[in-house]
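First up is the structure itself, then whatever we jot down about it.
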Amino acid sequence: MPSTVVVGAQWGDEGKGGVVDIYAAEADLVVRFNGGNNAGHTVFVGEEHFAMHLVPSGILRGRRCVLGNGVVIDPPGLLQEMRDLESRGVAVRGNLLLSENAHLVLPYHRALDAAEEKARGSAAIGTTLRGIGQAYADKYARHGIRALDMTQPELFRKKLAANLDHKNALLVKVYGAQALDLDQVYAELAPALEELAPLVTDTATLINRALDGGKHVLFEGAQGTLLDIDFGTYPYVTSSNPTAAAAGVGAGVPPKRLDTIVGVVKAYTTRVGSGPFPTECEPDLAEKFRTQGREFGSTTGRPRRIGWFDAAVARKSAMLNGIERLAVTHLDVLDQFDAIPICMAYRCDGERRDDCPNSLDELARCEPVYEEMRGWRKDTTDAKSAADLPAAARAYVDRLAEIMGARLCMVRTGPRRDQSIVIDA
Ligand code: IMP
Ligand code: MG
């Protein structure tokens with residue numbers, strides 16, 4: 001298939017990085033279309049661990065990579081990530097291109113993210129404090145500074161000065177925070193602007209030409225469907241659309257050119273940050289997952305909240321994304337359990353409901369209705385093919401695919417590349 005979109009079907013951290021890494025072996029171009037360096041995509045190459053934030057995971061396969069117009073780019077953050085990768089022998093420059101139309105995350109966005117979170121007090125969203133929401137807010141309010149502006153330093157500085165006046169007023173007068181100094185902010189940004197400017201180009205044309213030429217383009221989603229600004233658990237969401245349709249808007253590709261939609265789910269559920277989570281489990285049980293599942297945020301290091309698989313969430317994601325193929329990750333984490341509950345529906349105000357409501361109040365009143373699947377109590381971390389999986393493990397992943405009305409395409413039983421079972425490529 002010439003184009004494949006990989007999206008998260010839960011609250012992010014489904015293991016998209018590892019799945020993209022497997023598909024990237026066959027891709028010509030790997031494109032990020034949403035989010036910024038709030039993302040943390042973990043990929044293992046041999047025994048080496050990479051935490052990717054902005055650079056698409058395809059870079060580790062030597063693929064040409066693009067940050068599309070839907071991404072927000074923190075220039076010093078990106079430069080640091082590029083240097084870290086280059087110091088480990090990964091060729092980044094020459095393989096990475098940035099959309100002219102992508103908006104920049106600037107130091108005042110981060111300062112405002114911190115100030116706004118503090119002001120929210122106990123209602124804080126639990127953001128990654130990367131200034132993501134503030135950068136998207138400026139994009140839509142039409143105050144944004146774009147990657148294109150990095151190629152014109154004088155104009156850039158003018159726009160920065162104008163924005164900083166306004167942001168400083170907010171920081172000082174509304175939030176009682178410290179003002180930022182223009183010279184200092186510019187000095188902090190200048191080296192990144194200079195180094196990144198040559199990577200800026202019309203990526204929409206590049207991607208469409210690649211598709212014209214029969215190249216395989218892989219779209220790497222960040223975050224997950226329940227963090228979607230429109231369809232997630234608002235306001236406990238991120239500020240972009242992690243759903244599949246955003247691959248079109250966020251890369252400049254017509255919707256009919258998106259061929260295959262791959263959804264990624266963890267075999268259970270995790271969430272970082274605040275907000276509703278119907279299947280969230282008790283701390284003692286969560287600890288059992290956390291150790292085996294390495295459940296700490298790869299961007300912030302925060303311990304992730306953990307719960308059983310939620311079919312209401314999964315069905316919603318399947319519908320919103322049009323998920324045709326399903327990759328199930330972290331299956332090995334369930335090796336330890338005798339029985340594995342799946343939340344098939346909710347009970348809300350005395351009634352059973354199969355959908356995941358948009359109202360947070362309603363969602364807060366939803367109690368999971370569980371169905372138990374048999375556990376397998378066998379180590380799956382060395383499974384090389386579907387045939388190596390215990391029958392109960394196979395039944396479990398097949399059940400998840402059935403719930404989502406998708407074809408199972410991949411099962412992952414650990415972080416290494418060779419812990420991926422490709423069932424249906
Ligand atoms: P923000 O995207 O930093 O504004 O954070 C908003 C919410 O999205 C918070 O709950 C974050 O923890 C969550 N979030 C943002 N990016 C990711 C991610 O890549 N994985 C998981 N959660 C994320
Ligand atoms: Mg992550």
| said: For the chain, what does the helix formula give at 222 nm: sum of -39500 (n - 2.57) over DSSP H segments with n ≥ 4, over the residue count, nearest 500 deg cm²/dmol? | reply: -9500 deg cm²/dmol
| Surrounding net charge for C356, when Lys and Arg each add one and Asp and Glu each subtract one, Cβ distance under 11 Å | -1
| task | May I ask you to compute the full-extension gain from A169 to E372, defined as 0.36 nm times their residue separation minus their alpha-carbon distance, rounded to one decimal in nm? | result | 67.5 nm
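Within region 103-196, what whole-number % of the accessible surface is contributed by carbon and sulfur, with the 1.4 Å probe and all protein chains included in the calculation?
53
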| note | Taking the dipole of the chain about the Cα centre (Lys, Arg +1; Asp, Glu -1; charges at Cβ), the one of V5, V174, I207 that reaches farthest to the positive side is I207
| note | Magnitude of the Cβ-charge dipole (Lys and Arg +1, Asp and Glu -1) of region 103-196 about the Cα centre, nearest 20 debye, reported as 380
| field | Dipole in debye (nearest 20) - the chain, about Cα centre, beta carbon charges: Lys, Arg +1; Asp, Glu -1 | value | 440
| Short version: ³J(HN,Hα) in whole Hz for each residue of region 189-202, in order, from phi by Karplus 6.51 cos²θ - 1.76 cosθ + 1.60 (θ = phi - 60°), x for Gly and Pro, what are they? | 8, 3, x, 5, 4, 5, 6, 8, 3, x, 8, 7, 7, 7
| request: In whole angstrom, note down how far apart the Cα centers of region 168-216 and region 131-164 are. | output: 7
| note | In whole Hz, the Karplus estimates of ³J(HN,Hα) for region 285-300 (6.51, -1.76, 1.60; θ = phi - 60°; x where Gly or Pro) are 5, 4, 4, 5, 6, 4, 5, 5, x, 6, 8, 10, x, 7, 9, 10
| query | Listed highest first by mean packing, meaning other Cβ atoms within 10 Å per residue, what order do 401-413, 79-91, 368-380, 38-50 come in? | reply | 401-413, 38-50, 368-380, 79-91
| In sequence order, what are the phi-derived ³J(HN,Hα) couplings for region 97-110 according to the Karplus relation 6.51 cos²θ - 1.76 cosθ + 1.60 with θ = phi - 60°, rounded to whole Hz, with x for glycine and proline? | 10, 10, 5, 4, 8, 5, 8, 9, 8, 10, x, 5, 5, 5
| note | Residues whose modelled amide H sits under 5 Å from the amide H of G224, counting only those 5 or more places away in sequence or on another chain, are G12
| request: Give the accessible surface of the chain per residue, rounded to a whole number of Å², with probe radius 1.4 Å and ligands, DNA and RNA excluded. | output: 40
| field | Length gained when the stretch E194-A141 is fully extended (0.36 nm per residue, less Cα-Cα span) | value | 16.4 nm
| Point-charge dipole on Cβ atoms (K/R +1, D/E -1) for region 2-146, about Cα centre, debye to 20 | 400
| said: Suppose we take every Cα in the chain and form the convex hull; what volume per residue is that in Å³? | reply: 133
| said: What does the net charge come to around G18 if you take all other residues with beta carbon closer than 14 Å to its beta carbon, with K and R at +1 and D and E at -1? | reply: 0
| query | Over region 265-422, what per residue volume does the convex hull of the Cα atoms give, in whole Å³? | reply | 118
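The values are calculated or read from the model by the stated rules, or taken from the named source; none is laboratory data. All of these numbers come straight from a predicted model, not from anything done at the bench. Because the Cβ atoms are built from the backbone with ideal geometry, glycine has one as well, and the counts that use them run over all protein chains shown. Side chains included, ligands, DNA and RNA excluded: accessible areas come from the protein's heavy atoms. Shrake-Rupley method; radii C 1.70, N 1.55, O 1.52, S 1.80 Å.
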